[in-house]
Amino acid sequence: MTGKVTTHVLDLSLGKPASGVLVELWQVIPDNKFEFIQISYTNEDGRVNQPLLEGASMKKGVYEIRFHVGDYFSNRSILLGDPSFLDCVPIRFGISEPASHYHVPLLISPGGYSTYRGS
């Protein structure tokens with residue numbers, strides 16, 4: 001089995017996938033610093049087209065996915081305040097088994113969010 005990291009975003013307020021969400025992947029390195037890995041956007045199914053990490057890129061460590069939901073909501077004329085209540089939602093997670101599949105979804109609404117380790 002080849003390990004990989006995948007994600008998707010669901011807009012719970014609409015009951016639909018959230019398309020066009022900017023998604024960044026970073027690795028957390030010593031001294032709580034970050035190393036940029038890649039940027040993606042969710043498609044019409046709320047998924048990124050390719051895994052965020054896979055194969056030889058999968059290494060043990062701590063990573064952070066940053067979901068730019070503030071832009072997603074403002075592009076849909078959903079006002080979250082000024083400044084917006086939710087802007088960039090960071091989900092920090094660890095990879096302990098690089099051969100495994102880590103699915104890190106984000107469920108959003110204008111007033112909150114949730115995540116879990118999916119399959």
Taking only Cα atoms of region 4-115, radius of gyration then Dmax in Å: 14.2, 43
Charge dipole (region 1-103, unit charges on Cβ, about Cα centre) - positive-most of 67, 41, 96: 96
Lysines whose Cα lies under 26 Å from that of residue 60, excluding same-chain neighbours fewer than 8 positions away: 4, 33
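Pull up the DSSP beta bridges for the chain and report the antiparallel fraction as a percent, rounded to 5.
85
Select from region 7-74 those GluC sites (Glu not before Pro) which occupy a DSSP coil region and have at most 13 other Cβ atoms within 10 Å, ordered by residue number.
Numbers: sites: 24, 35, 44, 54, 64; in loops: 44.
Those satisfying the criteria are 44.
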J(HN,Hα) series, region 11-17, from Karplus relation 6.51 cos²θ - 1.76 cosθ + 1.60, nearest Hz, glycine and proline x: 8, 5, 5, 9, x, 9, x
Karplus-derived HN-Hα couplings along region 100-107 (A = 6.51, B = -1.76, C = 1.60, θ = phi - 60°), whole Hz, x at Gly and Pro: 8, 8, 10, 9, 10, x, 10, 10
Placed amide H near residue 53: partners under 5 Å, 5+ positions off or other chain: 5
Farthest positive-ward along the chain dipole, Cα basis, beta-carbon charges - from 51, 3, 83: 3
Residue range of the chain that is longest and free of trypsin sites (Lys or Arg not before Pro) which are both DSSP loop and sparsely packed (at most 14 other C-beta within 10 Å): 1-58
Cross-link reach list, aspartates and glutamates versus residue 59, counting only Cα pairs under 15 Å and skipping chain neighbours closer than eight places: 35, 97
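Every number here is computed from the coordinates shown, using simple stated rules; none is lab data. It should be emphasised that the depicted structure is a prediction, and the values quoted were computed from it without experimental measurement. Cβ atoms come from the backbone with ideal geometry, glycine included; neighbour counts cover every protein chain shown.
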